[in-house]
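Contents: one structure, followed by commentary.
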Amino acid sequence: MLRNVIAVFISLMVFSHLASSGERTGAAVRAEELTRSIPARGGQDLTGSQFAQYVSKMNPQGREQAIRDQIFKGNLPEFLRKLVPVELHYDSPSGKNITATIFVTPDYLAIGSDADFLRIPMSLPTATAIADRFGFILPTKKIVDAIYLQSRHHLVPQPLPAGPQMRSTTWYWTHNQMVEKQAHSLGVRLGELVSGDKKDLVITNRLAFNVGRVAIYGWHRGPGQPIQPLSTVHGINYADYSHGIRLISDMALIAGQLRPIRDILRDASAAKVLSDEGPISLDYLNHRDGVE
């Protein structure tokens, strides 16, 4: 384990040097070290459209289990394994500037192949289980904003009418096709950083006081213009077509050092570089029961 951490650190230090000189192609290959814990996708794994058909008759609990099973075994597109760097900054009252570089999936979590994938909404327990398994974390509100500002492509949100069908697999697939059509019209290439296509499940101190809930934020129309303000109105098991899971590597570069994001978020002197709330406690993630 220590050897792997050291190898990642060396790779990221090389990444930082190359990125500063504009050589992002070589750097991106090294950043892939952070996704090595994700199993390789099997040649016979379900495509996105096949998965949508497979879970179409399942109840929400069965679908959530199927999502875990598929992603745990590595059934996600190759392009999502190529993390993209995003920089965040904070100017402290003392005048000290703190800069952190995080590494994020270029789009929202999906099931399937590069040629046929489904951006898949899921409950908070499913999302955190996947993030924990592979060494990732969900974003903060500040991270979501930074990703939007630094995205190569800004998709226009495409809301569907409200109603019970929002949680159906049919609408998951329908909205995914709408996003794909827009992405193709904009010339988006797989692996380029995109945003605007989904709301984010986020981490926030609000959940410490609203145990059993999920926090949702984003779906930007433009800089500083999210459709969804930070909300904890829904229960922890709620998911609908508009939700997306952006995975953030739990290792970030800050002050020239590789540190776990969880540690940075607990550090009162550094947390504000990643969170506009200051330090964030993630103890609430140990409470996985909630209401719809």
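The values are calculated or read from the model by the stated rules, or taken from the named source; none is laboratory data. Quick caveat, the model's predicted, so the values are computed rather than measured. Backbone-built Cβ (ideal geometry, glycine too); neighbour counts: all protein chains shown. Accessible surface areas use protein heavy atoms only, side chains included; no ligands, DNA or RNA. Shrake-Rupley method; radii C 1.70, N 1.55, O 1.52, S 1.80 Å.
Data for the structure
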item: Entry for volume of the Cα convex hull per residue in Å³ (calculated from the structure that is shown) out of (1) 198; (2) 132; (3) 143; result: (2)
item: Burial ranking of peptide ranges 195-202, 265-272 (average Cβ count within 10 Å, highest at the top); result: 195-202, 265-272
item: Neighbour-limited loop hits for trypsin sites (Lys or Arg not before Pro), the range 161-193 (at most 15 other Cβ within 10 Å; DSSP other than H, G, I, E, B); result: ARG189
item: Evaluated at q = 0.25 Å⁻¹: base-10 log I(q)/I(0), Debye formula over Cα of the range 192-273; result: -1.20
item: Apportionment of accessible area to carbon and sulfur, the range 157-292, percent (1.4 Å); result: 52 percent
item: Antiparallel content of DSSP bridges confined to the chain, in %, to 5; result: 85 percent
item: Percentage relative contact order, the range 159-243, counting C-alpha pairs under 8 Å, at least six apart; result: 29 percent
item: Relative contact order of the chain, defined on C-alpha pairs under 8 angstrom at six or more residues apart (%); result: 20 percent
item: Part-to-part distance (alpha-carbon centres) for the range 33-64 and the range 122-196, which is given in Å; result: 16 Å
item: Whole-number D in µm² s⁻¹ for the range 41-131, Kirkwood Cα-pair radius fed into Stokes-Einstein, 4 °C, 1.567 mPa s; result: 87 µm²/s
item: Å² per residue, accessible surface of the chain at 1.4 Å; result: 45 Å²
item: The chain, helix-only ellipticity at 222 nm - DSSP H runs n ≥ 4, -39,500 (n - 2.57), divided by all residues, nearest 500; result: -9500 deg cm²/dmol
item: For the range 159-206, the Rg and Dmax computed from alpha carbons only, in angstrom; result: 13.4, 38
item: Stretchable slack from LEU186 to LYS57, in nm (0.36 nm times residue separation minus alpha-carbon distance); result: 43.1 nm
item: Contact order relative to length of the range 82-169, as percent, for alpha carbon pairs under 8 angstrom and 6 or more apart; result: 20 percent
item: C-alpha long axis of helix 141-150 to longest principal axis of the chain, angle in °; result: 90 degrees
item: Too-long pairs where the Cα-Cα distance tops 23 Å, listed order kept, from LYS73/LYS142; LYS96/LYS272; LYS82/LYS198; LYS73/LYS141; result: LYS73/LYS142; LYS73/LYS141
item: Value in Å of the Kirkwood radius, where the range 140-292 supplies the Cα pairs that are averaged; result: 16.7 Å
item: DSSP-assigned coil residues among trypsin sites (Lys or Arg not before Pro) in the range 53-89, each with at most 13 further Cβ atoms within 10 Å; result: LYS57
